[in-house]
Amino acid sequence: MEARVVRAVQKRQVLFLCVFLGMSLAGAEPLRYFVAEETERGTFLTNLAKDLGLGVGELRVRGTRIVSDQNLPFLLLNPLTADLLLNEKLDREELCGPREPCVLPFQLLLEKPFQIFRAELRVRDINDHSPVFLDREISLKILESTTPGAAFLLESAQDSDVGTNSLSNYTISPNAYFHINVHDSGEGNIYPELVLNQVLDREEIPEFSLTLTALDGGSPPRSGTALVRILVLDINDNAPDFLQSLYKVQVPENSPVGSMVISVSARDLDTGSNGEIAYAFSYATEIILKTFQINPTSGSLHLKAELDYEAIQTYTLTIQAKDGGGLSGKCTVVVEVTDINDNRPELLLSSLTSPIAENSSETVVAVFRIRDRDSGNNGKTACSIQDDLPFILKPSVENFYTLVTEKPLDRERNTEYNIIITVTDLGTPRLKTEHNITLLVSDVNDNAPAFTQTSYTLFVRENNSPALHIGSVSATDRDSGTNAQVTYSLLPPQNPHLPLASLVSINADNGHLFALRSLDYEALQAFEFRVGAADRGSPALSSEALVRVLVLDANDNSPFVLYPLQNSSAPCTELVPRAAEPGYLVTKVVAVDGDSGQNAWLSYQLLKATEPGLFGVWAHNGEVRTSRLLSERDAAKHRLVVLVKDNGEPPRSATATLHLLLVDGFSQPYLPLPEAVPAQDQDDSLTVYLVVALASVSSLFLLSVLLFVAVRLCRRSRAASVGRCSVPEGPFPGHLVDVSHTGTLSQSYQYEVCLTGGSRTNEFKFLKPIIPNLLPQSTGREVEENRPFQNILGF
C-alpha cells in the first residue's frame, strides 16, 4: 500500500515537471513558416522533428498534434516522417483580406509528456487579382462654358491584392480635351481626376467616350478599364413654346376621376436640361387644384375630382411649360362641362296637414314644389300619385302642386293613407323620385256602439252567492279615442213589477253582469231586461241589447207528502178487506217536489212494514197494493213507512207513515182503533157497556139506552159519509183543492186543506181527501212517468 502511494506521488511530480517545461517553451518565440497563396495541396513546408530537435520516432511516440484557433485544417502532419505539409490551397484575400502580413497561428501539442510549441504560417500575396471598377460606365455632364483646367473626380478602381501587387496608376485613352491626374489619399489608396485641357463646344462635339485604365504594381502588371461618357451640356438660350396658345375641350360631367381631359404640348430648341420641359398650373385657384391635375412630363390634363355641371359649367386653366434653365411659356385651356341627366328630381314639401277629419271633402292635404337641377329635358318633370287613393294632384305656378282630397274620407275604412308622390324627369335615362306622405284620418263620432249579439241568454243556478258574475255583454265602437269608449248601463225594465235594480247590476266599463242576491228557481224561473251601450262622443251615440236570464234549478227542495198528511194529530187509518185479491189498491202516497226536471222525478220505496211481504209500493206512482191473499193469521193492524226520494244530486227524501186495518168487510166500518179513539168516544163506550149491564137490572132504562145508542149511530153514519179522519176544531175554514192528474196521482182527488191556528208560515196541518165512495179496486194501469207537482198551493 505504501509503495502505491510513493508511485502516485512520483507520477504527479513528473506531470508537474512536464507542464512547467511546456509552459516555459510556450513563452518562447513561435516557429515561423512561409507559403505563397494558391500553393498546391501537399506542398512540403518543413520537418518538425528537425525544428524541435527531436527524433522522428520520439515525435510519433509522444503523440504530436497540430491545433489551430481557427479550427481550419490547412496543415497536415505526416506521423512517419514528421513532415509538415500544406493540406489545402490558401487564398490570402479570403483568409486575411487587406491585412498585411497574413498570419495563421497554430500550436504543436505533445501529449507524453505534455508540451506545447507555438508556430505560425505566413501566407505571401501573389498578383492574382486585377483592378476592378464597380461601375463599368462613368457618366459626366460638363457645360460647354466650363473653363479649361477644371478637374472632375472619377470613380476609383478596387484591387484585392496588397503591397506591390495593389493598384498603382490610372491612364485614359489619348485625346486633346482631357488628361488624368493621380492623387494619393494618404491611406495607401490612389484616385483619378479628369482635367479639362481646352474649351468644349457642344455644337462641334456634343459627347466624348474615353477609356479609363487602372494598373497594379505586379509583375506582370494587371489592369482594369471603365468607359467614361462625357456629355457636353448646352447653354439655355431658348424658351419653351406651346403648339397652341388656346385649347378648348368639352367634358361630360359624369367623367370618371382619373380620366384624361386634354394633352398640351410645348417644344424647346435647347438640349439637355435646357430642353427638358416641366408642365404645371400657373395662377391656379383652389377649385382648379382640387379638380384637375397635370402630368409634369407629358402635359396630359386629368380629372382629380368629379365634375358637377350644376355647380360649375366652365373652367379656365393657365398651364405653364418650364425648361431646366428656368425659361417658361404659357397657354390657356378652357374646359366646358356638358350636362347629363345625373340629378333626380327633388320634392320640397311646403306644408302638410295631418291628421284631417273624416267626412271632410276638398281639403288641402299638402303643398309642395318640384325642382330638378339638370337643364333642358333633363330638368323637365312629371308628377303623379297612386290611382286607388281618394286624392288628386293640382298643379300650380312655379312647379308648385297641391294634394287635395277627392271625396270624403272614412276613418273606419282607412285610419291612415300612405301616399307615394312620384316625380319623373324627361331626361335619358329617366330618373324618378318617390316621396312618402303618411296621412292620418282623425275620428268623428259617426258610429254607434254595436253589441256582438242582439240578445244574450245567461244561465244562473239558483241559490247563487250574492255579487256572482253571471255573464258579460260586449259592444264595440268603430270610432276611436273617446268616441270609441263604451259605457254600459241597465235600461228601465218594460215590466214595472220586475225589481231589476235588486236582481242584477252591470259594470259600466266592461259590461260584466252580476247577480245582486240569491235567486230562487221556485220563485223566479226567468226574467229579461235590456242593457244599453253609449259612447263618449259628442253627441253621444248608443245602442241596446236584450238579456235573458234563465235560473237553473238546484235540488234544494225535499219531496213533500200531500197524502197521507204526516203532521196530523190524529193519523188516518186505511181499511183493507181481508177478502182483497193480490194487487188490491189499498191507498196511494201522493207527494210533490218544488224542484223541476230530474230533481222533481219522485220514486217510492217501502222502507218499513209490520209484516214484510204483505204489501208493496209501486216505485213510480206510490200506489200501495197487496202482494198476496190475506189470511186470518195476519195481524189486524199494520204500520207502513214509505220512502219518497227525488232524482236530484244529491237526492233528497221524505217518509210517509201509513196505518192499515184489516177488516172482514165494510159492514162494520166504524170499529175504531184503540189508539185512535178519542177520549169522548171512550166515555161513550163505557156508557154503552153500563147500560147493557144495567139492562137486566132495570128495563126502565132500556129505552133510554137504545135511544142513546141510536143517536150515536146516526152521528157515526154522518162521519163515515165524509171520511174516516177526524177534523179538529179550529178558527180557519176549510178550502177544497182539486188536483187533477198532477204529479204522481193517477186519478182526480180533492183535498180539504186546513191551516193550523196561529200559523204565520201557512204550513199544512193536514189534508183530508173527500171521496164520495170507497176506494176502488186497482184497474191494473201503471203510471209510466212521474210528472212533478208545480205551482200547487203556491209551492
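The values are calculated or read from the model by the stated rules, or taken from the named source; none is laboratory data. Since the structure is predicted, the reported quantities are computational estimates derived from the model, not experimental observations. No Cβ is skipped: glycine too gets one built from the backbone with ideal geometry, and neighbour counts run over all protein chains shown. The accessibility values were calculated without ligands, DNA or RNA, using every heavy atom of the protein model including side chains. Shrake-Rupley method; radii C 1.70, N 1.55, O 1.52, S 1.80 Å.
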Problem set entry | Computed over region 125-186, Kirkwood Rh from alpha-carbon pairs, angstrom | 14.2
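Figure the gain on full extension for SER653 and LYS112 (residue separation times 0.36 nm, minus the Cα-Cα span) and round it to one decimal in nm.
180.6 nm
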Exercise. So how far, in whole Å, is the C-alpha centre of region 327-374 from the one of region 190-221?
Worked result: 77
For this session: Could you tell me the largest-minus-smallest coordinate of the C-alpha atoms of region 31-122 on each of the three principal axes, in descending order and whole angstroms?
Result: 40, 22, 19
Seminar exercise, completed: Taking R0 as 41 Å and r as the Cβ-Cβ distance between HIS512 and GLN598, the FRET efficiency 1/(1 + (r/R0)^6), rounded to the nearest 0.05, comes to 0.85
Seminar exercise, completed: Within the under-11-Å Cβ sphere about LEU550, not counting LEU550, Lys/Arg +1 and Asp/Glu -1 give a net charge of -1
Exercise. Within region 227-321, which chymotrypsin sites (Phe, Trp or Tyr not before Pro) sit in a loop by DSSP and count at most 16 neighbouring Cβ atoms inside 10 Å?
Worked result: TYR283
Seminar exercise, completed: When every protein chain stays in place and a 1.4 Å probe is rolled, LEU289, LEU301 sorted by accessible area with the largest first are LEU289, LEU301
Problem set entry | q = 0.09, 0.18, 0.22 Å⁻¹: log10 I(q)/I(0) that the Debye formula gives for region 529-649, counting C-alpha atoms only | -0.43, -0.98, -1.23
For this session: Relative to the compact-globule scaling 2.2 N^0.38 Å, provide the ratio for the alpha-carbon radius of gyration of region 440-517.
Result: 1.34
Exercise. Using modelled amide H (1.01 Å from N, peptide plane; none on Pro or chain starts), what sits under 5 Å from the amide H of PHE178, excluding residues fewer than 5 places away?
Worked result: ASN197
Seminar exercise, completed: For SER223 and MET260, extending 7 Å from Cα along the Cα-Cβ vector and measuring point to point gives, in nm, a value of 5.1
For this session: Note down the nm distance, to one decimal, between modelled labels 7 Å out along Cα→Cβ at LEU426 and at SER384.
Result: 1.6
Exercise. Per residue and in Å³, how big is the convex hull formed by the alpha-carbon atoms of region 241-338?
Worked result: 78
Problem set entry | 10 °C / 1.306 mPa s Stokes-Einstein diffusion coefficient of region 329-462, Kirkwood radius on C-alpha pairs, µm²/s | 86
Exercise. Over the Cα atoms of region 113-263, how large are the radius of gyration and the largest Cα-Cα distance (Dmax), in Å?
Worked result: 27.2, 104
Exercise. Taking R0 as 51 Å, what's the FRET efficiency between SER375 and LEU143 from their Cβ-Cβ distance, rounded to 0.05?
Worked result: 0.30
Exercise. How about LYS588: which lysines have a C-alpha closer than 27 Å to its C-alpha, ignoring those fewer than 8 places off in the same chain?
Worked result: LYS608, LYS637, LYS645, LYS765, LYS768
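Which length gain, in nm to one decimal place, applies between ASP308 and ASN495 when the Cα-Cα distance is subtracted from 0.36 nm times their residue separation? Don't skip to the end; give the middle numbers.
On the way: separation 187, 0.36 × 187 = 67.32 nm, distance 8.76 nm.
Extra length available between ASP308 and ASN495 comes to 58.6 nm.
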For this session: State to the nearest 20 debye the size of the charge dipole of region 31-122 about its Cα centre, where the only charges are +1 on K and R beta carbons and -1 on D and E beta carbons.
Result: 460
Exercise. At what distance in nm do the modelled label points of THR43 and ARG712 sit from each other, each positioned 7 Å from its Cα along Cα→Cβ?
Worked result: 19.2
Exercise. Rounded to the nearest 0.05, what FRET efficiency do VAL663 and LEU629 have when you use their Cβ-Cβ distance and R0 = 22 Å?
Worked result: 0.90
Seminar exercise, completed: Residue span ASP556 to GLU204: 0.36 nm per residue of separation minus Cα-Cα distance leaves a gain in nm of 112.0 nm
Seminar exercise, completed: Measure of exposure for LYS645: accessible area at 1.4 Å probe, Å² rounded to 10, is 80
Seminar exercise, completed: Note to self: with every protein chain in place and a 1.4 Å probe, region 384-487 gives an accessible area per residue in Å² of 55
For this session: For HIS435, HIS638, write out the residues from largest to smallest accessible area, computed with a 1.4 angstrom probe and no ligands counted.
Result: HIS435, HIS638
